[in-house]
1. Could I get the Rg over Rh figure for region 46-111? Both from C-alpha atoms, Rh via Kirkwood, rounded to two places.
2. Taking the Cβ of His62 as the center, what net charge do the other residues with Cβ under 12 Å away carry, scoring Lys and Arg +1 and Asp and Glu -1?
3. Taking the Cα centre of region 38-108 as origin and charging only Cβ (+1 Lys, Arg; -1 Asp, Glu), how large is the dipole, in debye to the nearest 20?
4. With r as the distance between the Cβ atoms of Glu86 and Gln15 and R0 = 25 Å, compute the FRET efficiency 1/(1 + (r/R0)^6) and round to 0.05.
5. Go through Tyr102, Ser63, Ala75 and say which Cα lies farthest out towards the positive end of the charge dipole of region 35-129; charges sit on Cβ, +1 for Lys and Arg, -1 for Asp and Glu.
6. Loop only by DSSP, 13 or fewer other Cβ within 10 Å of the Cβ. Give me the GluC sites (Glu not before Pro) in region 61-125 that pass, ordered by residue number.
7. Could you give each residue of region 104-121 its phi-based ³J(HN,Hα) in whole Hz, using Karplus coefficients 6.51, -1.76, 1.60 with θ = phi - 60°, and x for Gly or Pro?
8. About the Cα centre of region 79-128, what is the dipole size in debye to 20, counting +1 per Lys and Arg Cβ and -1 per Asp and Glu Cβ, all else neutral?
Amino acid sequence: MASWIEHSRKPYEAQNRLIGLSDTEVLELVGSFLLCGFWRFNIDSGHVFGTPEYCQIFDIEHSDGPLDLVRLSAAIHPDDLTVIMETFERASASRLTFHNLYRVRSGSSSFKFVRSVGKFRADDRGQGDVIGMTYEIFPQASTTIGFIPEEDLLKG
């Protein structure tokens, strides 16, 4: 199964501020209804940094420094890993926003779906990072439009 990738340059609209919610409150609300973690991929060093919640999604040990890329990569379904790596290359080279839907190991023989949303963030030198967030997608009834049937979700 290939990851779903969409490249766009959607402008940011702080809709939460229109009704009096702070950015901090939005993050607090998002984090309270699903497992959501944030990450940063430094292009120059090749290092990935992530929050404890990000590491929890991948069932890897959290570190204040760079994460263990071998363990992180091993948690991703092999059929999805290549597409994810290509997305990072494209985002870095073309400075695009993207999102991927892919499978992450959940136990010894099953997988769960997660979604990552990311974008290129330039530094003062024009170099930069790819930054983003990843969250778990919960199984939904197969009659619900736009969601993956539970039997497809649980396939390895």
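Just so it is clear, none of the values below were taken in a lab; they were calculated from the coordinates. Everything numeric here is computed off the predicted structure, so don't read it as measured data. Don't worry about glycine lacking a Cβ; one is built from the backbone with ideal geometry, like all the others, and counts go over all protein chains shown.
1. Checking Rg against Rh, the ratio lands at 0.97.
2. Its environment carries a net charge of -4.
3. Taking the Cα centre of region 38-108 as origin, the dipole is about 180 debye.
4. After rounding, the FRET efficiency stands at 0.20.
5. The Cα lying farthest towards the positive end belongs to Tyr102.
6. Those satisfying the criteria are Glu61.
7. With coefficients 6.51, -1.76 and 1.60, one gets 10, 4, 10, x, 7, 9, 10, 10, 10, 8, 10, 10, 10, 10, x, 7, 7, 10 Hz.
8. On the way: 9 positive and 6 negative charges, 41 e Å.
Once rounded to the nearest 20, the dipole reads 200 debye.
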